[in-house]
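A short worksheet on the structure shown next.
The values are calculated or read from the model by the stated rules, or taken from the named source; none is laboratory data. Since this is a predicted model, take the numbers as computed values, not measurements. In this analysis, Cβ positions are derived from the backbone assuming ideal geometry, glycine residues included, and neighbour counts consider all displayed protein chains.
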Amino acid sequence: MEKTKKEPSITPELVASHGLSEEEYGRVKVILGRVPTYTELGIFSVMWSEHCSYKSSRKHLGRFPTKAPWVIQGPGENAGVIDIGGGLAAVFKMESHNHPSFIEPYQGAATGVGGILRDVFTMGARPIANMDSLRFGPLDAPKNRYLLDGVVAGIAGYGNCMGIPTIAGETYFNEIYNGNNLVNAFTLGIAKKERIFYGTASGVGNPVIYVGSKTGRDGIHGATMASEEFSEGTEEKRPTVQVGDPFTEKLLLEACLELMSKDLIIGIQDMGAAGLTSSSCEMASRGGSGMEMDLALVPRREEGMIPYELMLSESQERMLIVAKEGMEKVVEDIFKKWDLEAVTIGHVTGDGMLRVKDGGVVVAEIPAKAIADEAPVYDRPSERPIYQDSIQDLNLDLLSVPGDLNGVLFKLLESPTIAEKSWIYRQYDHMVRTNTVVYPGSDAGVVRIKGTNKALAMSVDCNSLYCFLHPKAGGAIAVAEAARNVICSGARPMALTDCLNFGNPEKPETMWQFKEALEGMSLAAEELNTPVVSGNVSFYNETKGLGVYPTPVVGMVGIMDDVSKATTQYFKDEGDVIILLGDTKEELGGTEYLRVVHGLQKGLPPDIDLKAEKALQVAVLEAIDVNLIKSAHDCSEGGFAVALAECCFRGEKEPLGCEVSTPVDRLRKDALLFGESQSRIIISAKPDYAGAVSDIMSSHGVPCRTIGRVGGGSLIIRIGDEEAVNQSVSRLKGIWREAIPKPLKA
Amino acid sequence: MRYAVIVFPGSNCDHDCYHAMKHVLGQEVDFIWHKEESFQKKYDGVIIPGGFSYGDYLRTGAIARFSPVMKAVDGFAKCGGLVIGICNGFQILLEAGLLPGAMLRNESLKFICKDVYVKVENEQTPFTRCCNRGDVLRIPIAHAEGNYFADDETLARIEENGQVVLKYCDKDGEISQESNPNGSAHNIAGICNEARNVFGMMPHPERCSEAILGNTDGKNILASMVSHSSIFTGGCSIRYTDYKQAQ
């Protein structure tokens, strides 16, 4: 029986089913000067998809600050690169795998990790740490429990097998993610500064070598699928999700790093979204060259695959290499050692064309630059949503202050967004490679760099409700909070990567959110001097017309010159003084308290004063540097009371209580305890050092107040003479710890 | 002393073991590729590191045991050489028949990564000689299949012979169901063979051998090996108390 599919003829219906607009198709015909072949139609369709071409976002991404003396490579490559001193570079990026993870949570999440790992090691870096940022609907729905369970198992299955520790992350739960969960994966690797590799093809005649797994039919049109909204029948898209094989990727990693330690190659790129298509034309385009390949030579795992399928397959664990002429055999031998295939499938040409043959027959012939770089760029209309005023409207006078503030604290600690995430991170190997100095659960994860005295700290953050209520403030807060978390661990924030998850860009309100959020992120990144070095845009996170909250996730990376300065959020010793830095204002809009206790997701998010934020961060780092501080923790969801409780919980150690008091204030008690005013950090220090801490703070103009002491078995918060909170910390910790496992056991 | 760290495709704690032995304990260390059928140098001990050898696709350790290098390991063990298998290494030693019993999936059916406590049940082995009987060590686990299983007769025999070297316990040394992270029979975390020269343990001592990582309890296990080798090759012995002081 003939298994090979017959190629369909090009009709308007076929063009439309490939997601190309009439105008875009017209452009294809102008570029080619003729009607495309079926293979060419497929190539344009994936490369000009939103996912690959950034056609709706490209114009706005230029707003980001991307430069600093320590930035070696900004956006546009497989990953961003910064100089971390001592001849070393940190290579990092974050990417979304939202759509696949919703359709098939285990494989979707696993291949998300696999993809981001390849983006980093393709640049010659050995991955040393992963993080993830996850969002789901509430856990009372079985579907959301299934998604959480599958996504976490998928991330664990891939990362653990690869031997890369997952050292930090964040997880939010909100009904808005019911139809669209978000799964963003971050990887950071270390390379020698002078041994960074790029995805480029040059030198006419140089061989193009295919390495890694064989090509199958999995993942065809994955990139196109990620560029559409979900509707009924999403389940049918399961075949567009790839299947991951972390064992093969581990071999690929080791083989690539061995290859890169020798002087054998010109360029290398991962076959990620749009597989062989994107890797070949992007490398050719970057190198200003052309490329000719014969698909008949591509290793395949299924019979009867046609050129269209071979070019569009997103089978995992594959890379494309341009080697130096004559080095084919050496390259092949390295891969053979690791039991992997390496096949020369073509060569670099000088005519700028991507020429794809099948046997002797040319099946596609397109100017590489036209596909890779000349995708349409849209300046889509944007408009402030009509509902914006009403969601920002919050009259606090109509909200009564709860009488039982202990009860409010219970409710907040029990909210899965605030609750302990150990059910998640215990499934991740977070210690392998023996570099993890600060485990998941504190403000930022910290890994030392062997052979140096340095360490890197990293954190992922975004409060998407803030971004919904005020995208600009929300975007700025995402950057500020990520940097603050890095500061609290004792490191200097250096640069960030982002993962911009939004709804349908064809809706003016989505584009408005996008532009505003980017503006806010840019302002904060400029003020904090943390340029954007890489990132990813994920639009169409929308089901049946309902989009997710704008969720621009920030992954911040910082450097610590002396790893012994690594600081955690946990209180250390009885008798230490507790100091609150920053001002508390009457800010309840967009808080977790308002959502959980009053059932409202409204108001304006807390104000962010970037100058005050910068001063706070500089001052805290200075105090850590001179060893004045024993712990530092920023106030975020749940406000001051929750942050204080988290300082008491101390991760795996026995909890330790504290007693603090704040003066009677004009502020509402709920705002005082649970408001989420920005730029606040709780620190603890030896009593003798309180004066020195205060001196540093006042020299930077940072509000600083000693509020109490560490000790005892209870968390006691007094407002004036009144005891607002008095609870056993063991009991509080139990509630906080059980909140996520409990519904999952049901 | 000189140690061999075996590298299977999919090993991922190989570099960690190398680092601990070489840079923390100051020993000579070589990586040995799984395709080698014999050792080219004389070794004082062999380390089979953790990871996912061959992806652990069939069953943990099931494919690795057929690797060419296992012939060399088997010969080395039969001659009385010290062999330690950590995590996946322990699973491989079970599959290879160098240690009795088998591994099941964790009772929770999930991968578990966390610090646990283990109690030293037998200090008279080359791998625990720097410990005292009853010592409680805090060492992390990171595995999905660490639920040790053996039939009752085997369990009785290895208990009787003193082959059960480490048991999961709580921080006070209490061996209980609550302190058993994965459902292991008799709370077993580590066992040795009858001759005491082959040892497997699920927790990772190489992950807690440096102060900067917040814990040095694992160093007692690795130092025990070095100490044993020193004595039996005529070098000077490293005593447990020296390590306690250094901590």
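If the condition is being outside any loop (DSSP other than H, G, I, E, B), surrounded by fewer than 19 Cβ atoms within 10 Å (Cβ to Cβ) and charged (D, E, K, R), then the stretch A:572-601 contributes only A:595.
The criterion of at least 2 residues that are of a type outside the set (Ser, Thr, Tyr) and under 34 Å from the mean Cα position of the chain (by Cα) is met, among strands (runs of 3 or more DSSP E) falling completely within the stretch A:310-373, by A:318-323, A:341-349, A:361-367. Restrict the check to the stretch B:102-118 and report whether at least one residue is buried (at least 24 other Cβ atoms within 10 Å of the Cβ), touching a residue at least 40 places away in the same chain (Cβ under 8 Å) and not hydrophobic (A, V, I, L, M, F, W, C). No: zero hits. Just one of the numbered conditions (1) touching a Gly at 6+ places or on another chain (Cβ under 9 Å); (2) without any contact (Cβ under 8 Å) to a residue 60 or more places away in the chain; (3) over 16 Å from residue A:442 (Cβ atoms) is not true of residue A:592: (2). Is it the case that the stretch B:159-178 has a residue that's surrounded by fewer than 18 Cβ atoms within 10 Å (Cβ to Cβ) and touching a His at 6+ places or on another chain (Cβ under 8 Å)? There is at least one residue in the stretch B:159-178 that is surrounded by fewer than 18 Cβ atoms within 10 Å (Cβ to Cβ) and touching a His at 6+ places or on another chain (Cβ under 8 Å).
How about the stretch B:35-79: which of its residues are surrounded by 22 or more Cβ atoms within 10 Å (Cβ to Cβ), touching an Asp or Glu at 6+ places or on another chain (Cβ under 7 Å) and of a type outside the set (Gly, Ala, Ser)? Within the stretch B:35-79, B:49, B:60, B:69 meet the criteria. Evaluation of residue A:676 against the conditions (1) surrounded by 15 or more Cβ atoms within 10 Å (Cβ to Cβ); (2) under 23 Å from residue A:574 (Cα atoms) shows that the sole unmet condition is (2).
Evaluate the following for residue A:296: is it part of a helix (DSSP H, G or I), modelled with pLDDT of 95 or more and farther than 30 Å from residue B:33 by Cβ? In short, yes. Against the condition polar (S, T, N, Q), under 20 Å from the mean Cα position of the chain (by Cα) and either within 14 Å of chain B (Cβ to nearest Cβ) or within 29 Å of residue B:14 (Cβ to Cβ) (or both), how does residue A:417 come out, does it pass? No.
Each row is one residue, and each column tells you yes or no for (1) more than 19 Å from residue A:190 (Cα to Cα); (2) assigned to a helix (DSSP H, G or I); (3) of a type in the set (A, V, I, L, M, F, W, C); (4) at pLDDT 95 or above.
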position: A:499; (1), (2), (3), (4): yes, no, yes, yes
position: A:509; (1), (2), (3), (4): yes, yes, no, yes
position: A:512; (1), (2), (3), (4): yes, yes, yes, yes
position: A:517; (1), (2), (3), (4): yes, yes, yes, yes
position: A:520; (1), (2), (3), (4): yes, yes, no, yes
position: A:526; (1), (2), (3), (4): yes, yes, no, yes
position: A:529; (1), (2), (3), (4): yes, no, no, yes
position: A:535; (1), (2), (3), (4): no, no, no, yes
position: A:554; (1), (2), (3), (4): yes, no, yes, yes
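Can you confirm whether residue B:134 is assigned to a loop (DSSP other than H, G, I, E, B), over 15 Å from the mean Cα position of the chain (by Cα), more than 13 Å from chain A (Cβ to nearest Cβ) and modelled with pLDDT of 95 or more? Answer is yes for this residue. Here is a check on your reading of the model: is residue A:185 away from every other protein chain (no Cβ under 14 Å), buried (at least 21 other Cβ atoms within 10 Å of the Cβ) and either within 19 Å of residue A:243 (Cβ to Cβ) or of a type in the set (Asp, Glu) (or both)? Yes. Listed by position, the helices (runs of 4 or more DSSP H) enclosed by the stretch B:1-112 that each have at least 3 residues that are farther than 14 Å from residue B:200 by Cβ and more than 11 Å from chain A (Cβ to nearest Cβ) are B:69-78. Listed by position, the helices (runs of 4 or more DSSP H) enclosed by the stretch A:645-746 that each have at least 3 residues that are modelled with pLDDT of 95 or more are A:669-674, A:690-699, A:729-738. Within the stretch A:428-439, the set of residues being more than 19 Å from residue B:12 (Cβ to Cβ) and more than 7 Å from chain B (Cβ to nearest Cβ) comprises just one member, A:438.
This table checks each residue for (1) within 12 Å of another protein chain (Cβ to nearest Cβ); (2) among the basic types (Lys, Arg); (3) under 30 Å from the mean Cα position of the chain (by Cα).
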| residue | (1), (2), (3) |
| --- | --- |
| A:390 | no, no, no |
| A:393 | no, no, no |
| A:413 | no, no, yes |
| A:426 | yes, yes, yes |
| A:449 | yes, no, yes |
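Within the stretch A:695-715, take every residue that is touching a residue at least 40 places away in the same chain (Cβ under 8 Å) and more than 30 Å from residue A:589 (Cβ to Cβ) and give me the one that is surrounded by the fewest Cβ atoms within 10 Å (Cβ to Cβ). Here the residue is A:699.
The selection criterion, being surrounded by fewer than 22 Cβ atoms within 10 Å (Cβ to Cβ) and within 14 Å of chain A (Cβ to nearest Cβ), does not hold for residue B:151. Residues in the stretch B:197-224 that are within 14 Å of another protein chain (Cβ to nearest Cβ) and part of a loop (DSSP other than H, G, I, E, B): 9 in all. Restricting the stretch B:135-147 to residues that are in contact (Cβ under 8 Å) with a residue 40 or more places away in the chain and over 16 Å from residue B:50 (Cα atoms) leaves a set whose member that is surrounded by the most Cβ atoms within 10 Å (Cβ to Cβ) is B:137.
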